[in-house]
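Enquirer: Mind looking over this structure? Questions follow.
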Amino acid sequence: MTSPQSSQKRATLFGLATVLCWSTVATAFKMSLVYLTPSQLIFIATIVSALFLCLVLSMQGRLSELWSQKAQVYRQSFFFGLLNPTLYYLLLFWAYDLLPAQEAQAINFSWAIVMTFMAVPLLKQRLHWYDFLAAIFCYLGVCLIATRGDLLSFEFDSSFGVFLALMSTLVWSLYWILNRNDKREPVLGLCLNFLCALPVIVIFNLINGTLTFNGVPLQGLLGGVYVGLFEMGLAFLLWLSAMKKAENTARLANLVFITPFLSLFFISTFLGETILPSTFLGLSCIILGLVAQQWFSPKST
């Protein structure tokens with residue numbers, strides 16, 4: 001029988017592996033978008049992720065479950081697939097296409113506070129003073145990053161890119177709020193989401209004339225494979241394994257705060273972006289807001 005300490009250590013290792021995956025994807029997004037359009041990137045990544053999850057189900061002897069569900073499950077999967085991966089990643093990749101990676105990833109990290117406020121009308125939850133304090137810090141951080149530290153000018157390098165990044169946080173938050181009532185097994189559910197999303201993504205690419213990869217270099221295709229495998233597939237399974245083994249989920253969740261700072265290291269090293277002081281300051285404000293919210297929330301005690 002595994003001891004609680006051993007189980008927690010294994011959970012931490014899985015959690016750190018997940019953080020490493022998440023930390024590299026901002027760089028992978030940006031490198032891939034040099035060669036691919038956002039819709040092409042989501043097409044390749046979704047196919048890879050769906051195949052990977054099908055392989056996992058096959059290894060578990062559960063592949064037949066994909067076509068033995070009730071009609072309601074497929075309708076639910078289609079709806080969730082429209083949110084994630086379709087709408088969420090289209091918005092996110094488009095934002096990355098318009099913004100420096102350091103800005104897009106930092107703004108996207110504010111989704112947790114968005115979810116808190118969306119839970120009020122959707123889940124009838126109450127807001128507390130620490131939620132407002134967290135929101136002030138988070139959106140001060142977003143403004144610092146988006147304006148590159150010049151708050152008084154309130155001018156953005158790409159206003160539309162900032163808008164897209166913020167919209168992606170809304171979609172991502174909505175997806176996870178609605179998932180609270182999802183009774184599907186997680187791996188099966190995510191696989192069905194991706195399979196149901198594929199026809200929509202194909203049609204979107206056909207309409208935009210982007211369902212062709214003539215002239216796309218190998219780097220672009222491999223980038224799409226990496227995103228599908230490590231952002232959409234493997235990271236999900238690693239985090240799920242970590243949560244199942246964790247004796248202390250709050251301690252595990254705190255590992256997430258390593259992600260954006262480690263991501264900045266990869267962005268600087270592999271993309272050559274000069275990390276601006278305003279990015280560090282803004283990201284620190286976002287982290288401070290989220291940590292304060294966890295600290296004062298009764299759920300964290």
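The values are calculated or read from the model by the stated rules, or taken from the named source; none is laboratory data. Quick caveat: nothing in here was measured; it's all calculated off a predicted structure. Using ideal geometry, Cβ is built from the backbone for each residue, glycine included, and neighbour counts are taken over all protein chains shown.
Enquirer: Quick check on Arg184: is it closer than 15 Å to Gly81 by Cβ, out of contact with any Phe, Trp or Tyr (no Cβ under 7 Å at 6 or more places or on another chain) and basic (Lys, Arg)? If you could, list the steps in order and put the result at the bottom.
Expert: On the way: closer than 15 Å to Gly81 by Cβ: yes; out of contact with any Phe, Trp or Tyr (no Cβ under 7 Å at 6 or more places or on another chain): yes; basic (Lys, Arg): yes.
The answer is yes for Arg184.
So that you can scan it fast, the table gives a plain yes or no per residue for (1) β-branched (Val, Ile, Thr); (2) assigned to a helix (DSSP H, G or I); (3) modelled with pLDDT of 95 or more:
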residue	(1), (2), (3)
Thr2	yes, no, no
Gln5	no, yes, no
Gln8	no, yes, no
Leu16	no, yes, no
Leu36	no, no, yes
Arg75	no, yes, yes
Leu82	no, yes, yes
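Enquirer: Determine whether segment 218-236 contains at least one residue that is surrounded by fewer than 17 Cβ atoms within 10 Å (Cβ to Cβ) and of a type in the set (Val, Ile, Thr).
Expert: no
Enquirer: Testing Ala112 on (1) within 28 Å of Phe270 (Cβ to Cβ); (2) buried (at least 24 other Cβ atoms within 10 Å of the Cβ), one condition comes back false. Which one is that?
Expert: Ala112 satisfies all of (1) within 28 Å of Phe270 (Cβ to Cβ); (2) buried (at least 24 other Cβ atoms within 10 Å of the Cβ) except (2).
Enquirer: Of all the residues that make up segment 139-191, how many are closer than 30 Å to Thr46 by Cβ, surrounded by 18 or more Cβ atoms within 10 Å (Cβ to Cβ) and of a type in the set (S, T, N, Q)?
Expert: Selection size over segment 139-191: 3.
Enquirer: Mind listing just one residue for me: the one in segment 42-65 that is aliphatic (A, V, I, L, M) and over 30 Å from Trp94 (Cβ atoms) and, of those, surrounded by the fewest Cβ atoms within 10 Å (Cβ to Cβ)? Working first, answer last.
Expert: Of the residues in segment 42-65, the ones aliphatic (A, V, I, L, M) are 42, 44-45, 47-48, 50-51, 53, 55-57, 59, 63.
Checking which are over 30 Å from Trp94 (Cβ atoms) leaves us with 57, 59, 63.
Working: Leu57: 18, Met59: 9, Leu63: 15.
If we take residues in segment 42-65 being aliphatic (A, V, I, L, M) and over 30 Å from Trp94 (Cβ atoms), then Met59 is surrounded by the fewest Cβ atoms within 10 Å (Cβ to Cβ).
Enquirer: Any idea how many residues of segment 98-149 are among the hydrophobic types (A, V, I, L, M, F, W, C), within 15 Å of the chain's Cα centre (by Cα) and under 14 Å from Val291 (Cβ atoms)? Give the steps one after another, and end with the answer.
Expert: If we filter segment 98-149 for residues that are among the hydrophobic types (A, V, I, L, M, F, W, C), which is where we start, we get 98-99, 101, 104, 106-107, 109, 111-115, 117-120, 122-123, 127, 129, 132-138, 140, 142-146.
Narrowing further to those that are within 15 Å of the chain's Cα centre (by Cα): 101, 104, 106-107, 109, 111-115.
Add one more test, that the residue is under 14 Å from Val291 (Cβ atoms), and what stays is 109, 112-113.
Summing the residues that are among the hydrophobic types (A, V, I, L, M, F, W, C), within 15 Å of the chain's Cα centre (by Cα) and under 14 Å from Val291 (Cβ atoms) in segment 98-149 gives 3.
Enquirer: Here is a check on your reading of the model: is Ser49 within 19 Å of Asn84 (Cβ to Cβ) and either among the acidic types (Asp, Glu) or in contact with a helix residue (DSSP H, G or I) (Cβ under 7 Å, 6 or more places away or on another chain) (or both)? Walk me through it before giving the result.
Expert: Numbers: within 19 Å of Asn84 (Cβ to Cβ): yes; either among the acidic types (Asp, Glu) or in contact with a helix residue (DSSP H, G or I) (Cβ under 7 Å, 6 or more places away or on another chain) (or both): yes.
Considered against the rule, which asks whether it is within 19 Å of Asn84 (Cβ to Cβ) and either among the acidic types (Asp, Glu) or in contact with a helix residue (DSSP H, G or I) (Cβ under 7 Å, 6 or more places away or on another chain) (or both), Ser49 comes out as yes.
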